[in-house]
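Written below as structure tokens is the structure these notes are about.
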Amino acid sequence: MTMTFNQAGDAVPVNDDAVPGIQEDYTRIGEMAKMFSVTLRTLRFYEDKGLLSPKRDGSTRLYTRRDRARLKLILLGRKVGFSLRDVKQIMDLYDPKGANTKQLRLTLDKSDKQLGRLKKQRLALDEAITELSDLMAIVRNMLDDRTQPAAVAS
């Protein structure tokens, strides 16, 4: 559930379909972790790296819609193998009022390079799987030869 905080600091549930700009909705760190299936430590780590910047209410971290969008991008980038440095470079180029051409070009360039790396990894994995499968077949045959009863001579 998404929460917003009134001026008294009380948590108030809000409808996620609320009109943007009327009231900022915040998500606490525990809710954020559950929402994205990450640990609290992960969220703090991303904050330390400058990837997320939650608001603070005392020691409570309050994540905005922007933070949630950034975390989605971080997790997507990590899933496809981008480094956190790459993800940060891409996200830091975002300009909400601009065309973001530079950001899009950088994203495409980094994606093209990463796709090449992933294809090489897949080829290496396919070769390793083939070699391991062949080895297992040889070992099974050797084991079968040693466990079959000796043929009786007549």
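The values are calculated or read from the model by the stated rules, or taken from the named source; none is laboratory data. Remember, predicted model here, so these are calculated numbers, not experimental data. Counting neighbours? That spans all protein chains shown, and the Cβs are built from the backbone with ideal geometry, glycine included.
Here are some notes:
For every residue, the table says whether it meets (1) surrounded by fewer than 10 Cβ atoms within 10 Å (Cβ to Cβ); (2) basic (Lys, Arg); (3) in contact with a His (Cβ under 7 Å, 6 or more places away or on another chain); (4) in contact (Cβ under 8 Å) with a residue 24 or more places away in the chain.
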{"site": "Leu73", "(1), (2), (3), (4)": "no, no, no, no"}
{"site": "Leu84", "(1), (2), (3), (4)": "no, no, no, yes"}
{"site": "Arg105", "(1), (2), (3), (4)": "no, yes, no, no"}
{"site": "Lys110", "(1), (2), (3), (4)": "no, yes, no, yes"}
{"site": "Ile129", "(1), (2), (3), (4)": "no, no, no, no"}
{"site": "Leu135", "(1), (2), (3), (4)": "no, no, no, no"}
{"site": "Asp144", "(1), (2), (3), (4)": "yes, no, no, no"}
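- From the list Leu51, Leu93, the lone residue that is of a type in the set (A, V, I, L, M, F, W, C), closer than 23 Å to Asp25 by Cβ and in contact with a Leu (Cβ under 8 Å, 6 or more places away or on another chain) is Leu51.
- Residue ID - farthest from the chain's Cα centre (by Cα), chosen from residues in segment 41-69 that are outside any helix (DSSP H, G or I) and basic (Lys, Arg): Arg56
- Any hit, segment 128-147, residues being basic (Lys, Arg) and over 30 Å from Glu47 (Cβ atoms): yes
- If you filter segment 47-68 down to residues that are closer than 17 Å to Asp92 by Cα and in contact with a helix residue (DSSP H, G or I) (Cβ under 8 Å, 6 or more places away or on another chain), you find that the one that is surrounded by the fewest Cβ atoms within 10 Å (Cβ to Cβ) is Gly50.
- Exactly one residue out of Arg41, Arg122, Arg70, Arg66 is more than 24 Å from Tyr26 (Cβ to Cβ) and charged (D, E, K, R), and it is Arg122.
- Checklist (1) at pLDDT below 90; (2) within 16 Å of the chain's Cα centre (by Cα) applied to Pro20, failing item: (2)
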